[in-house]
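Please read the structure below before turning to the comments.
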């Protein structure tokens, strides 16, 4: 597997956010800080209230602005960041799928499977098998971002 395939989910995720951000004049610093924190701490327990406190903003106001600037709501953004991390782990580790689910920050295996299927159109097991065979990666990567 090439290094290119290893960074594709995160690159596509970043591109999706950048495209949404370009629709506005400039990304507010608070939103940038919130996104950066989510991306760097996606495996941790994250809540809108926690992030709002961190960027010194009312949670409702952060939620509204986050959606307007990024084009996606807070919960979806966190799920996509965790999904991208899980994709990396599925391709590049021998951890069990349940270990990957919790390492990526999902609260349960069923939540992980549901989110993974929604973003990729495949189960985590199918994704890992395709990635290890070097097949289907582009299809999966396309599917995971077409619902934006």
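The values are calculated or read from the model by the stated rules, or taken from the named source; none is laboratory data. Keep in mind the model is a prediction, meaning the values are calculated, not measured. Here the Cβ is made from the backbone with ideal geometry for all residues, glycine too, and neighbour counts use every protein chain on show.
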*What is the residue count in the range 108-141 for residues that are part of a loop (DSSP other than H, G, I, E, B), surrounded by 15 or more Cβ atoms within 10 Å (Cβ to Cβ) and modelled with pLDDT of 95 or more?*
2
*Sort out which residues of the range 69-107 are crowded, with 19+ Cβ neighbours inside 10 Å and not in a helix (DSSP H, G or I), and write them in order of number.*
104, 105, 106
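Does the range 98-107 contain at least one residue that is farther than 16 Å from residue 43 by Cα and modelled with pLDDT of 95 or more? Reasoning before the result, please.
Looking only at the range 98-107, we keep the residues that are farther than 16 Å from residue 43 by Cα, and these are none.
No: zero hits.
Residues are listed down the side, and each one gets a yes or a no for (1) in a helix (DSSP H, G or I); (2) modelled with pLDDT of 95 or more; (3) within 11 Å of the chain's Cα centre (by Cα); (4) at negative phi:
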position: 24; (1), (2), (3), (4): no, no, no, yes
position: 31; (1), (2), (3), (4): yes, yes, no, yes
position: 51; (1), (2), (3), (4): yes, yes, no, yes
position: 56; (1), (2), (3), (4): no, yes, no, no
position: 66; (1), (2), (3), (4): yes, yes, no, yes
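From 83, 116, grab the single residue that is closer than 26 Å to residue 36 by Cβ and without any contact (Cβ under 8 Å) to a residue 40 or more places away in the chain. Walk me through how you get there before you give the answer.
Details: 83 fails: without any contact (Cβ under 8 Å) to a residue 40 or more places away in the chain.
Being closer than 26 Å to residue 36 by Cβ and without any contact (Cβ under 8 Å) to a residue 40 or more places away in the chain holds for just one of 83, 116, which is 116.
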